[in-house]
Amino acid sequence: MSTHRAVHVQSPGEPLTLADVETTPPGRDHVRIAVAACGVCGTDHGFVNGGFPGMSWPLTPGHEIAGTVVELGDGVDDFAVGDRVAVGWFGGHCNECVPCRKGNFIHCERMQVPSWQYPGGYAESVTAPSNALARIPHGLSFAEAAPLSCAGVTTFDALRKTPARPGDRVAVLGVGGLGHLGVQFARAMGFETIAIARGAEKSDDARRFGAHHYVDSTAGDVAAALQALGGASVVLATAANSKAMADTVGGLAAQGELVVVGVTPDPLPISPLQLIMPGVSVTGHPSGTARDVEETMQFAVLSGVRAQIEERPLARAAEAYAAMDEGRARYRMVLTM
């Protein structure tokens, strides 16, 4: 039987190592993808360290996958060998549970995530359900497409589903792997864009990504700074810091919305009074379906939005993961095969 190279984590917290694994043909309604690129996401830290229930070991991380379909399982007629596709956090839905029957595939009770329910994209080959596939448009390389399948769709889909309209003020909390895309998408959607981050050193980058204003959260009261600009219709919270999120609530305009996409288990220190008087809301936003990923990539092609990436070969996956995990990535690490 043929083999391919894949990164293995033998048990929680163990090092990332390369291994030769068997390449099996795809089952019914699945395809096999020759991986060309895979983004390194902050959520990979949770997988590498055993932070999700029902995990199996050894584990292959990676849920920002881009590559070419090389083999079809029975029942797959919407894709062909040679198609360029991406698979993100949304790695397939059951089409049988109540959320699926309502069309809410991102809330599927048995939704699959690469690296969790099946081996992920730190590998030369991935087998995935066909309903997880997003077609990569012309104009995007594999390395450009990979981070858009998770970080990109998370920020783009969150912003387009808010009540904000072109010309409204939208703030993005955090200028990192998610936030640098959020700033670009906010600017491209026509919002008056405010970037919020710790320290003055990210000001130039934030403005390069399209921010009209920059707020240094260490220099004063963030809510007051937002209100001085007129108040934000939306704050997209990409930084995984509950206190930093809560500090923006007072900067929302009446009936504004704090949209949380940065993942942290810490409670949000927000009082009901802060919500009731101005009528503001707090909502969480998951990633996006395969179709949402396609629309994210199409918008990126039209608008010129791109992740700023640093590429590393698969053999240096541990190095790329460490750069992400230690906050040294500027701004997204991508493995190339």
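Is it possible to state the helix-based mean residue ellipticity at 222 nm for the chain, with each DSSP H run of 4+ residues giving -39500 (n - 2.57), the sum divided by total residues, to the nearest 500 deg cm²/dmol? What is it? Working shown, then result.
On the way: 11 runs with 79 residues, N = 337.
The per-residue figure over the chain is -6000 deg cm²/dmol.
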Kindly provide log₁₀ I(q)/I(0) values, in the same order as q = 0.24, 0.26, 0.28 Å⁻¹, from the Debye equation applied to equal alpha-carbon scatterers of the range 257-315.
-1.04, -1.09, -1.15
Choose one of Ala219, Leu252, His180: the residue whose Cα lies farthest towards the positive end of the charge dipole of the range 173-263 (beta-carbon charges +1 Lys, Arg; -1 Asp, Glu; about the Cα centre).
His180
Counting only GluC sites (Glu not before Pro) that are in a DSSP loop and have at most 16 other C-beta atoms within 10 Å, tell me the longest site-free stretch of the chain.
202-325
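Over all directions, how big on average is the projection of the convex hull of the alpha-carbon atoms in the range 47-135, in square nanometres? Show your work: numbers first, answer last.
Details: hull surface 24.7 nm².
Mean projected area for the range 47-135: 6.2 nm², to one decimal.
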PRE reach from His107 (point 7 Å along Cα→Cβ): which of the range 227-263 fall under 18 Å by backbone N?
259-261
Largest first, please: the extent of the C-alpha atoms of the range 188-337 along each principal axis, to the nearest Å.
54, 31, 30
For a test of the definition: using alpha carbon positions, the gyration tensor, and the 1.5 limit on a/c, classify the range 141-254 as rounded, prolate or oblate.
prolate
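Does the range 80-175 classify as rounded, prolate or oblate by the C-alpha gyration tensor (a ≥ b ≥ c root eigenvalues; a/c under 1.5 gives rounded; else a/b over b/c gives prolate, otherwise oblate)?
Working: a/c = 1.97, a/b = 1.26, b/c = 1.56.
Taking the square roots of the gyration eigenvalues as a ≥ b ≥ c, the range 80-175 is oblate.
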Answer in debye to the nearest 20: the dipole magnitude of the range 112-260 about its Cα centre, from +1 Lys/Arg and -1 Asp/Glu charges placed on Cβ, is 240 debye
Can you give the relative contact order of the chain as a percent, counting alpha carbon pairs under 8 Å and 6+ residues apart?
18 percent
Specify the inter-centroid distance of the range 100-178 and the range 12-67, based on alpha-carbon positions, in whole Å.
16 Å
Listed by chain and number, the residues whose amide H is under 5 Å from that of Asp83, excluding neighbours fewer than 5 places away on the same chain and using placed H, are Val69
Let me spell out the model: positive unit charges on the Cβ of Lys and Arg, negative unit charges on the Cβ of Asp and Glu, origin at the Cα centre of the chain. What dipole size does that give, in debye rounded to 20?
600 debye
Mind giving me the nanometre distance, one decimal, between the label points for Arg165 and Gln308, set 7 Å out from Cα along Cα→Cβ?
3.3 nm
In degrees between 0 and 90, to the nearest 10, how far off the longest principal axis of the chain does helix 179-188 point, with axes built from Cα atoms?
70 degrees
Two pseudo-spin positions, 7 Å from Cα along C-beta at Ala200 and at Asp266, lie apart in nanometres by 2.6 nm
In the chain, taking the dipole from +1 charges on Lys and Arg beta carbons and -1 charges on Asp and Glu beta carbons about the Cα centre, the listed residue (Ser287, Met55, Leu16) farthest towards the positive end is Ser287
Quick check: net charge around Val31, other residues with Cβ under 14 Å of its Cβ, Lys/Arg +1 and Asp/Glu -1?
-2
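Rule-based calculations on the coordinates, nothing more; no lab input. None of the values given here were measured: they were computed from a predicted structure. Methodologically, a virtual Cβ is constructed for each residue, glycine included, from the backbone with ideal geometry; neighbour enumeration extends over all protein chains shown.
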